1. Among B:PHE42, B:TYR79, B:GLY104, whose Cα sits farthest toward the positive end of the charge dipole of the range B:36-117 (+1 at Cβ of Lys/Arg, -1 at Cβ of Asp/Glu, about the Cα centre)?
2. Sorted from shortest, what are the nm distances separating the label point of A:ALA120 from equivalent points in the other copies, each placed 7 Å from Cα along Cα to C-beta?
3. Report, in whole Å, the centroid distance computed from the Cα atoms of the range A:82-140 and the range B:119-197.
4. Send over the per residue convex hull volume for the protein assembly as shown, Cα only, as a whole number of Å³.
5. Helix by helix, which DSSP H runs in chain B go 24 Å or more along their axis at the Cα atoms and have an average Kyte-Doolittle hydropathy of 1.0 or more?
6. If the label for B:LEU29 sits 7 angstrom from Cα along the Cα-to-Cβ line, what are its distances to the same label in every other copy, in nm to one decimal, shortest first?
7. Please give the charge dipole size of the range B:2-227, origin at the Cα centre, charges +1 on K and R Cβ atoms and -1 on D and E Cβ atoms. Round to the nearest 20 debye.
8. At a temperature of 37 °C and a viscosity of 0.692 mPa s, determine how fast the range B:2-227 diffuses translationally according to Stokes-Einstein, using the Kirkwood radius over alpha-carbon pairs as Rh; express D in µm²/s, rounded to the nearest whole number.
There are 2 protein chains.
Amino acid sequence: MAIGGIIGSHQRHSVVASRVAMFAHLLFLVTAVLMLVWLLRFRGGINIQSEDPDQIFNVHPFVMSWGFILLIGEAILVYTTVPMNHRAQKMVHMLVHMVAFILGVFGVYAAFKFHNAAVAPDLVSLHSWIGIGAISLFALQWLIGFAVFWMPGTHEHTRAAAAPLHVAGGLAVFLLAVCAAQTGLVQKGASATPGGTEANLINVTGVFILLYGATVAATVVLRMATRHV
Amino acid sequence: MAIGGIIGSHQRHSVVASRVAMFAHLLFLVTAVLMLVWLLRFRGGINIQSEDPDQIFNVHPFVMSWGFILLIGEAILVYTTVPMNHRAQKMVHMLVHMVAFILGVFGVYAAFKFHNAAVAPDLVSLHSWIGIGAISLFALQWLIGFAVFWMPGTHEHTRAAAAPLHVAGGLAVFLLAVCAAQTGLVQKGASATPGGTEANLINVTGVFILLYGATVAATVVLRMATRHV
């Protein structure tokens, strides 16, 4: 009876986790569209080869939202939402994170290229400090994760002991990237008319990125709750 | 032997949690001093009764950092660092949060009063949206916490079941407040010369608030790890 109750409760948690993850996918899509509308409709388009510094810059928020934050979230959600065996889930988790990192580095390159074209200094804003911190910690987390969970020499006990730290650390880095996005939107939003359409679009995009971060975090917490006991 | 190992491991976790909490207190002190130096040395002082809108505004970051974020963090750390019985810890936790909320409302008032004095619109920035979201969710979390953990009618089973949700929700609201602080610093930092002394001071203050948030979160995670078996 008691065990039946626990299993029932865990199945409920698991169902809730899947529904929250579905909601996260929806937020992913809305955020991606909002970001694209903002850059194309209000900021003059996205082009890394452009001679217009603004078009070069626009690659940065585009790649960072579609390629870095949203992919990291999807890679985190793989365990909850993709029905396949554990090894395949691990593989997708690791590879999607790798793609996210490569795109993140490209996004950083776009910001540097913009500074170069606009003759502006690099790495002076709090946003840039938080962003460089996030991508550096992400690289570290990926390397440690690869060494612990993919290198054949690691003992199962070590993997089991490292798993909660990997989950907590990964979630922390993801939330740091979400915070970097908020500061980036505020920084770029400073040039929009307060209360105007563009400013409100930027704010709504920021709120959706936050909600995406919160639902991904909630999914992880719920999934961990189903594993305990 | 196995049980001895588990207890030993939990004691180690507990010692680590206390050390991390001590580090958090240190970050608290440094952040509080940095914030004061910024507002007094670079922003012309703090005065809610002033006729200078900037002096009115400065009440906002001062109260929000010293009074809201840092007090919430300390109230969270009470369980790890204050050696007294559980009921006294609960009492301090609840009361310090209440003081933090009252100061947070005063900080919001200062921002509105500044907008009034400077003839600027209210609630148009992403920072203000995140901030209002954080303080509203904080009030909700406090009320639910009070109802569940202080009202005499609540059954012990309900309290035990609600505790992990209370911890996760409280940590999420705290991290949202930390994110609000980052966006606020970026917004106000836009007027400082990029790479100059004031801009760097703002960035360093932001990094310390982030580190404070991370260490408080780490303490909570470590404390929860000591409770599970």
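1. Farthest towards the positive pole: B:TYR79.
2. Shortest to longest, the spacings are 2.0 nm.
3. 27 Å
4. Details: hull volume 73.6 nm³, N = 458.
Convex hull of Cα atoms, per residue: 161 Å³.
5. B:2-37, B:126-149, B:197-227
6. 5.4
7. Details: 11 positive and 7 negative charges, 148 e Å.
That gives the range B:2-227 a dipole magnitude of about 720 debye.
8. Calculated translational D: 175 µm²/s.
Only the coordinates and a few stated rules stand behind these numbers; no lab work does. All values reported here derive from a predicted model rather than from experimental measurement. Cβ sites come from the backbone with ideal geometry, for glycine too, and all protein chains shown count toward neighbours.
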